[in-house]
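A.B. asks: My questions all concern the structure below.
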Amino acid sequence: MGRLQGKVAIITGALGGIGRADAVLFAREGARLVLTDVSDRGGQEFAASLGTEALFLSHDVASEEDWTRVVATAEERFGRLDVLVNNAGLILLGSVDKASYTDWRRVNAVNLDGVFLGCKHALPAIERAGGGSIVNISSIAAMLGQPFAAAYGASKAGVSGLTKSVAVQCRQKKNGVRCNSVHPDGVKTPMVVKVATGQGRCEPRRDRGDRAAQHALLRARGHRERGAVPCQ
Ligand SMILES: NC(=O)c1ccc[n+]([C@@H]2O[C@H](COP(=O)([O-])OP(=O)(O)OC[C@H]3O[C@@H](n4cnc5c(N)ncnc54)[C@H](O)[C@@H]3O)[C@@H](O)[C@H]2O)c1
């Protein structure tokens, strides 16, 4: 039996590098999936290829209206929601003195507001299911300074802080919901390739999308498996 057998999971940014790896792994472990992305290029085909019950929805994570629709669709289609993976994200390069305020706001709208909205709208649904898990994809940039991407680092640090607030709130409520953040580094995806080719300041070391997906799965499954992904 799969480690997510029968669970219903929303994965945002599911057409990107880490989101796809998450979807493939979650499907292999028996989850039923609501895959979302702001791009809908090949989304239906990807969902149909996974060999599990899965649907694709067009979804801008910065839109509260979209979140209402996505969570409602998950419950209507599958009767419950157990897991949310807040994976969608973007990076716009710029040091604090060079980045435009428009870019700062766009990065934070997607990376931080999007995670806030996801937690806000999914939490009641996961509570209705009797408990589950929220996995927020933060970044190593939450912990280290990234002078070439000030808005990105700030947004990911915000995700870490928000995750802790949600986790403590759920603990206090004893609602059976866990909330954890995952902090990848250097997974060779379209985002990192963009950074590497845009300014040459970030070298993707190797393709570790599968490892990032393993971490998301373990956080979705439960804290007892924490740290079970071996370092390479
Ligand atoms: N690749 C890495 O090394 C790395 C390191 C640290 C953190 N991360 C984080 O992992 C997550 C996935 O990144 P990735 O490397 O797979 O990048 P990616 O660019 O391959 O995928 C990101 C996906 O998010 C989607 N997206 C962007 N804006 C959106 C919006 N407004 N609404 C919905 N979807 C939107 C994109 O269409 C894309 O499919 C991101 O949150 C990223 O910050 C990645």
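A.B. asks: Considering only region 73-107, how many residues are touching a residue at least 40 places away in the same chain (Cβ under 8 Å) and of a type in the set (Phe, Trp, Tyr)?
C.D. replies: Residues that pass the stated criteria total 2.
A.B. asks: Could you list, in sequence order, all residues of region 32-46 that are crowded, with 22+ Cβ neighbours inside 10 Å and within 16 Å of the ligand (Cβ to nearest atom)?
C.D. replies: Of everything in region 32-46, those that are crowded, with 22+ Cβ neighbours inside 10 Å and within 16 Å of the ligand (Cβ to nearest atom) turn out to be 33, 34, 35, 36, 37.
A.B. asks: Surrounded by 24 or more Cβ atoms within 10 Å (Cβ to Cβ) and closer than 20 Å to residue 32 by Cβ: does that describe residue 91? Steps first, please.
C.D. replies: Values: surrounded by 24 or more Cβ atoms within 10 Å (Cβ to Cβ): yes; closer than 20 Å to residue 32 by Cβ: no.
Taking the combined requirement at face value, the residue does not satisfy it.
A.B. asks: Please specify each residue of region 55-71 satisfying the condition of being touching a Leu at 6+ places or on another chain (Cβ under 6 Å), more than 20 Å from residue 31 (Cα to Cα) and surrounded by fewer than 23 Cβ atoms within 10 Å (Cβ to Cβ).
C.D. replies: Within region 55-71, just 64 meets the criteria.
A.B. asks: What number of residues within region 61-72 satisfy the criterion of being free of Cβ contacts under 8 Å to residues at least 40 places away in the same chain and either assigned to a strand (DSSP E or B) or more than 17 Å from residue 40 (Cα to Cα) (or both)?
C.D. replies: Residues meeting the conditions: 2.
A.B. asks: Filter region 24-62 for residues that are among the hydroxyl-bearing types (Ser, Thr, Tyr) and touching a helix residue (DSSP H, G or I) at 6+ places or on another chain (Cβ under 8 Å) and give the result.
C.D. replies: Matches in region 24-62: 36, 52, 58.
A.B. asks: Now, a different point. Looking only at residues that are within 16 Å of the ligand (Cβ to nearest atom), of a type in the set (A, V, I, L, M, F, W, C) and in contact with a strand residue (DSSP E or B) (Cβ under 7 Å, 6 or more places away or on another chain) in region 122-140, which one is nearest to residue 19 (Cα to Cα)?
C.D. replies: In this case the residue turns out to be 137.
A.B. asks: Next question, about the same structure. Say whether the condition of being closer than 19 Å to residue 95 by Cα and assigned to a helix (DSSP H, G or I) is met by at least one residue in region 166-173.
C.D. replies: no
A.B. asks: Sticking with this structure for a sec: May I ask you to verify whether residue 89 is out of contact with any Leu (no Cβ under 6 Å at 6 or more places or on another chain) and away from the ligand (no atom under 16 Å from the Cβ)?
C.D. replies: no
A.B. asks: Next question. Only one of (1) more than 13 Å from the ligand (Cβ to nearest atom); (2) not in a loop (DSSP other than H, G, I, E, B) is not met by residue 50, so which one is it?
C.D. replies: Evaluating residue 50 over (1) more than 13 Å from the ligand (Cβ to nearest atom); (2) not in a loop (DSSP other than H, G, I, E, B) leaves (2) as the failure.
A.B. asks: Residues of region 10-47 being assigned to a helix (DSSP H, G or I) and modelled with pLDDT under 95, which ones?
C.D. replies: Matches in region 10-47: none.
A.B. asks: What is the residue count in region 9-31 for residues that are buried (at least 24 other Cβ atoms within 10 Å of the Cβ) and out of contact with any Gly (no Cβ under 6 Å at 6 or more places or on another chain)?
C.D. replies: So the answer is 8.
A.B. asks: Is it the case, given these coordinates, that residue 108 is of a type in the set (S, T, N, Q) and more than 10 Å from the ligand (Cβ to nearest atom)?
C.D. replies: Values: of a type in the set (S, T, N, Q): yes; more than 10 Å from the ligand (Cβ to nearest atom): yes.
Spelling it out, residue 108 is indeed of a type in the set (S, T, N, Q) and more than 10 Å from the ligand (Cβ to nearest atom).
A.B. asks: Residues that are assigned to a helix (DSSP H, G or I), modelled with pLDDT under 90, more than 15 Å from the chain's Cα centre (by Cα) and buried (at least 19 other Cβ atoms within 10 Å of the Cβ): does region 186-206 have at least one?
C.D. replies: For region 186-206, residues assigned to a helix (DSSP H, G or I), modelled with pLDDT under 90, more than 15 Å from the chain's Cα centre (by Cα) and buried (at least 19 other Cβ atoms within 10 Å of the Cβ): present.
A.B. asks: Something else about it: Does region 155-173 contain any residue that is under 14 Å from the mean Cα position of the chain (by Cα) and of a type in the set (Val, Ile, Thr)?
C.D. replies: Among the residues of region 155-173, at least one is under 14 Å from the mean Cα position of the chain (by Cα) and of a type in the set (Val, Ile, Thr), which makes the answer yes.
A.B. asks: Looking at this structure, is residue 103 within 16 Å of the ligand (Cβ to nearest atom) and farther than 20 Å from residue 67 by Cβ?
C.D. replies: yes
The values are calculated or read from the model by the stated rules, or taken from the named source; none is laboratory data. Fair warning: this is a prediction, and the values are worked out from it, not measured in the lab. Neighbour counts are summed over all protein chains in view; Cβ atoms, including those assigned to glycine, are modelled from backbone coordinates with ideal geometry.
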